[in-house]
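Trainee: What follows is a single structure, and I will ask about it in a moment.
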Ligand code: PYR
């Protein structure tokens, strides 16, 4: 069987980390694309030289030419500018929309059958725009955010309760921004609802609120600490889990920025919802029962995403 081909559009810190993880896992051959000349080629060469040490045969090449992503099975898009300390993800809209337009056209012209995972921020608007520009079916274009946000939530809960992260199942819905909705009612410690675990461990509701707030601001906390650039290890790890679910037809239920039409009262919006990921791409959006408070928090979050889409339409005529 021919090896799978993974194209990584954007060869910055997330792109390089994606390539390393995909190679170590032998997910397929990897093409690193970037508009910066020499950079993807240099990273590809460096990463290829990990092969003899780590024992992988994945071929890693760097390119500045979209023609080289032809026939890719999976495309992961990180192209664009990351935020700087003090910026919100939404501040990147204007600059990254232009980048996403050329990426969408590159995908449309070279690998229209690929499964495309977008990481570029502001995520929920960029994945929508990428779908519009590429013209791919909605089930083949998805955004990576919920896996990352849920992993941040899980990490903080594991630290608070002093338990293994392996036993924490945490859940974040909504847009990948300050209004995201960490859902305590669906988060458990190996089946024990977080609120019950908090009582057992003597953790107050105020402390749980602090953890929810820290989760919402989780990306910004790292941007501030790094001083230059945004998180890359956990975002890359999250997207790889999604790519593996697609390539292995795993039918995992992961929170992803999926196209939602009809469910959650939404009418054609990309936003973070539990999604079955398998060989069909985003095979199903799972609609879960939410409390009135969770519903209204989700509405605030989806309203914020809709505002971003309006801003995109104002910036690019072809999106109207
Ligand atoms: C984050 O770290 O949250 C990004 O969006 C990259």
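The values are calculated or read from the model by the stated rules, or taken from the named source; none is laboratory data. Keep in mind that this is a model prediction, so the values were computed, not measured. Quick reminder, even Gly has a Cβ in these numbers, built from the backbone with ideal geometry, and neighbours come from all protein chains shown.
Trainee: Take residue 87 and tell me if it is modelled with pLDDT under 95 and not assigned by the TED database to the domain that holds residue 191.
Mentor: So residue 87 passes the test.
Trainee: Could you grab me the full set of residues in region 232-261 that are out of contact with any helix residue (DSSP H, G or I) (no Cβ under 7 Å at 6 or more places or on another chain), over 14 Å from residue 282 (Cβ atoms) and part of a loop (DSSP other than H, G, I, E, B)?
Mentor: Matches in region 232-261: 248 only.
Trainee: With respect to residue 62, is the statement that it is surrounded by 20 or more Cβ atoms within 10 Å (Cβ to Cβ), closer than 19 Å to residue 118 by Cα and touching a helix residue (DSSP H, G or I) at 6+ places or on another chain (Cβ under 6 Å) true?
Mentor: no
Trainee: Among the residues of region 255-283, what is the count of those that are crowded, with 22+ Cβ neighbours inside 10 Å and under 17 Å from residue 150 (Cα atoms)?
Mentor: Of the residues in region 255-283, 9 are crowded, with 22+ Cβ neighbours inside 10 Å and under 17 Å from residue 150 (Cα atoms).
Trainee: While we're here: Filter region 142-161 down to residues that are more than 16 Å from the ligand (Cβ to nearest atom) and either surrounded by fewer than 22 Cβ atoms within 10 Å (Cβ to Cβ) or assigned by the TED database to the domain that holds residue 108 (or both), then give me how many there are.
Mentor: Within region 142-161, residues that are more than 16 Å from the ligand (Cβ to nearest atom) and either surrounded by fewer than 22 Cβ atoms within 10 Å (Cβ to Cβ) or assigned by the TED database to the domain that holds residue 108 (or both) number 4.
Trainee: Taking interchain pairs and intrachain pairs at least six residues apart, which have beta carbon atoms under 7 angstrom, with the first residue in region 124-139 and buried (at least 22 other Cβ atoms within 10 Å of the Cβ) and the second in a loop (DSSP other than H, G, I, E, B)?
Mentor: Close Cβ pairs (under 7 Å, with a partner that is in a loop (DSSP other than H, G, I, E, B)) amount to 124/175; 124/176; 126/120; 136/112.
Trainee: Could you say which residue among 8, 18 is under 19 Å from residue 110 (Cα atoms), within 16 Å of the ligand (Cβ to nearest atom), in contact with a strand residue (DSSP E or B) (Cβ under 9 Å, 6 or more places away or on another chain) and at pLDDT 95 or above?
Mentor: 8 is the lone residue from the list that is under 19 Å from residue 110 (Cα atoms), within 16 Å of the ligand (Cβ to nearest atom), in contact with a strand residue (DSSP E or B) (Cβ under 9 Å, 6 or more places away or on another chain) and at pLDDT 95 or above.
Trainee: Sticking with this structure for a sec: Restricting to region 216-231, name every residue that is outside any helix (DSSP H, G or I) and more than 10 Å from the ligand (Cβ to nearest atom).
Mentor: Selection gives 227, 228.
Trainee: Okay, moving on. State the number of residues belonging to region 1-55 that are in a helix (DSSP H, G or I) and touching a residue at least 12 places away in the same chain (Cβ under 8 Å).
Mentor: So the answer is 23.
Trainee: With the structure loaded, tell me whether residue 318 is at pLDDT below 95 and assigned to a helix (DSSP H, G or I) or whether it fails that test.
Mentor: The answer is yes for residue 318.
Trainee: Oh, and also: For the structure I just gave you, tell me whether residue 105 is without any contact (Cβ under 8 Å) to a residue 40 or more places away in the chain and away from the ligand (no atom under 16 Å from the Cβ).
Mentor: For residue 105, the condition - without any contact (Cβ under 8 Å) to a residue 40 or more places away in the chain and away from the ligand (no atom under 16 Å from the Cβ) - is met.
Trainee: Looking only at region 146-169, decide whether some residue is free of Cβ contacts under 8 Å to residues at least 40 places away in the same chain and within 22 Å of residue 230 (Cα to Cα).
Mentor: yes
Trainee: Condition first: outside the structural domain of residue 22 (by the TED database) and in a strand (DSSP E or B). Can you find one or more residues in region 190-198 that meet it?
Mentor: Among the residues of region 190-198, at least one is outside the structural domain of residue 22 (by the TED database) and in a strand (DSSP E or B), which makes the answer yes.
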